Each structure stands twice: as C-alpha cells, then as structure tokens.
Amino acid sequence: MPELPEVEVSRMGISPHLIGEKIAKLTFRTPKLRWDIPVELKKLEGQVVRNITRRAKYLLIETDAGSAIVHLGMSGSLRVLDAEIAPGKHDHVDLKLANGKVLRYNDPRRFGAWLWSEDGHHSVLENAGPEPLTDEFNAEYIAAKAINKKVAVKQFIMDNKVVVGVGNIYANESLFSAGIHPTKAAGQLTERQWQLLVVEIKQVLDTAIKQGGTTLKDFAQADGKPGYFAQELQVYGKKGEPCPQCAGPIEELKIGQRNTFFCNQCQKK
Ligand SMILES: [Zn+2]
C-alpha cells in the first residue's frame, strides 16, 4: 500500500511535468473508484496546473478553477507518459496535457480516489492531525494527546487524528529505533520516550522519501522505477531473523489487526 513517503515521492516525481502546463482533457474509464468520480473534475479542462501539494496521503492538483484530490488507495500509481501510448487494463484516469503528455492513473484494486474541491477543502481532509515532518508534530504535542490513553502506542501513532501518514511499516521501524515496545500503553510513555519516538518517526519517513519510497509490489515511482527503502528495514517483515542490535529473534504479533514486528529485548514495555 502506498504510504506517506510513496505519495510524497509521487508528488515530487510528477510535479515538474505538470506545474505550469495546461490541462487539455480528462478521461475516466470507470465511473467509480472507492467513491464515484465527480463530473465537476471536468472543470479542470482548459486550466493550468498551478501547484501539486500533499495533505496526509492525498495529492492536490491545484488550478484556478479548483483542485483534483487524488488518493492512491491500496494499489494506485501515477505516471507521466506520452499521450499516444495506449492505456492498459487498469489505467482508469487520464489527465491529458496540451503539450502531448498524459498523467495516467493506474489502480488494479480500485480503492483509490479522484475527488473535486473548489477551495482546497474537502470532508476527506478534515479532522486530520498534523503532518509528521512539520514542527507542529513534536514531543510536547503528542505527549499531551496521549495523557491517560490506554491504547497501544503503535496504534496511537497510526491514528490519523493524532498524526497523519505514519503507516504500518514506519510505525514498526520507528518504535524499534526508539527502543519502545509496540504494545506499551500510549499514556505510559515518558517524556524522553516521546522525544526519541518523534525524532525516529521523522527520520524514518525522511529517509524513505529520500530513497524513493519503500519497494512494495504495487508501487512504482512516477518514472516507473521502484523505490529502494526496503533494504533499510530493520524489523518489518523480519519475523525469526536476528535483531540488528542484539541478534535475538524478531517477533511478530497483531495489534489492531496489523502485523507488528519487534525485539522483546531491545524494546521496553
Ligand atoms: Zn534486539
């Protein structure tokens, strides 16, 4: 599933090809992805792309008339191609530019979304917590949010109302790096542990973005190359393998139905 780094890498990948370019035509080959595709998106035709921004895991393709809000869902990807290249089976949306290029959206599982916003606001963007890579997300903020919370810290940091974009891989990796057991109650972390964890969350996301997103089977970068972050994973997907710090076995359990990988020695309850 594309997580925040993959979405950010997609944004960086497509932006230079789209910003300042005129949109010639929008083509939808399905009426519905996760939600119905709104006809208002046609208002983008004839508009110039002013900017492409990201909020949580949504990309906003901004024009003077309004914005397309795009979510990659479970298996969505965006690529910039020559418009003459024929669309394939799961190529559901084409945003054709006046310069002969096309932004093509592929999504085999159709859990993604193309939505419309006149003013940059939309219900899907409401109630979202701060962006993890901004100063707004800091130890004081999250420690205050966590007071008296009994929920496992891993589930807590994956809650989009607390902070957006800390997906399963990055929650596992940052808790390992911070030496915090994933089942520990969020309200039980010390100030020092929150400081460490916030630093590690920012670090793991930043590294993943720099390396082009994590390689997962459904993800390809905007230019079609896979990301390379998978080589850097310390615990995710490594059940039974030696811990990179103490060489003990990496263990696995489910928290909130998500696969959780940890070292029982190095991560403190
Ligand atoms: Zn260990």
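The values are calculated or read from the model by the stated rules, or taken from the named source; none is laboratory data. Predicted model, so just to flag it, every value in this text is computed and none were measured. FYI the Cβ positions are ideal-geometry reconstructions off the backbone, even for glycines, and counts take in every protein chain you see. The area values use the complete protein model at the heavy-atom level, side chains included, leaving out ligands, DNA and RNA. Shrake-Rupley method; radii C 1.70, N 1.55, O 1.52, S 1.80 Å.
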Tell me, what % of the accessible area of the stretch 1-66 is carbon and sulfur with a 1.4 angstrom probe?
50 percent
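To the nearest 20 Debye, how big is the dipole of the chain about its Cα centre, given +1 on the beta carbon of each Lys and Arg and -1 on that of each Asp and Glu?
Details: 36 positive and 32 negative charges, 148 e Å.
Approximately 720 debye in magnitude.
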Let me know the volume per residue of the alpha-carbon convex hull for the stretch 6-136, in Å³.
106 Å³
What spacing in nm lies between the two simple spin-label points modelled at Asn160 and Glu191, each 7 Å away from Cα in the Cβ direction?
3.3 nm
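I'd like the FRET efficiency for Ala83 and Trp35, computed as 1/(1 + (r/R0)^6) with the beta carbon distance as r and R0 of 22 Å, rounded to 0.05.
Details: r = 26 Å, r/R0 = 1.20.
Given R0 = 22 Å and the Cβ-Cβ separation, E is 0.25.
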Exposure of Arg258 as accessible area (Å², to 10), given a probe of 1.4 Å and all protein chains
90 Å²
Once ligands and nucleic acids are excluded and a 1.4 Å probe is used, how much of Glu6 is accessible, expressed in Å² to the nearest 10?
0 Å²
Working out 0.36 nm times the residue gap between Asp206 and Ile147, then minus their Cα-Cα distance, what length gain in nm do you get to one decimal?
18.5 nm
Loop sites in the stretch 45-123: chymotrypsin sites (Phe, Trp or Tyr not before Pro), DSSP, at most 16 other Cβ within 10 Å
Phe111
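How large is the direction-averaged shadow of the alpha-carbon convex hull of the chain, in nm²? It would help to have the intermediate numbers written out before the result.
Numbers: hull surface 56.6 nm².
Convex hull of Cα atoms, orientation-averaged projection: 14.2 nm².
Could you state the accessible area per residue of the chain in Å², with a 1.4 Å probe and every protein chain left in place? The partial results should precede the final answer.
Details: 12640 Å² over 269 residues.
Value returned for the chain: 47 Å² of accessible area per residue.
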Over the stretch 135-199, what percent of the accessible surface lies on carbon and sulfur atoms, probe 1.4 Å?
50 percent
Overall form of the stretch 54-127 per C-alpha gyration tensor (a/c, 1.5; a/b vs b/c):
oblate
Taking the chain as the reference, fit the longest principal axis to its C-alpha atoms, fit the long axis of helix 4-18 to the helix C-alpha atoms, and give the angle between the two in degrees, 0 to 90, nearest 10.
30 degrees
Taking only C-alpha pairs under 8 Å that are 6+ residues apart, what is the relative contact order of the chain in percent?
19 percent
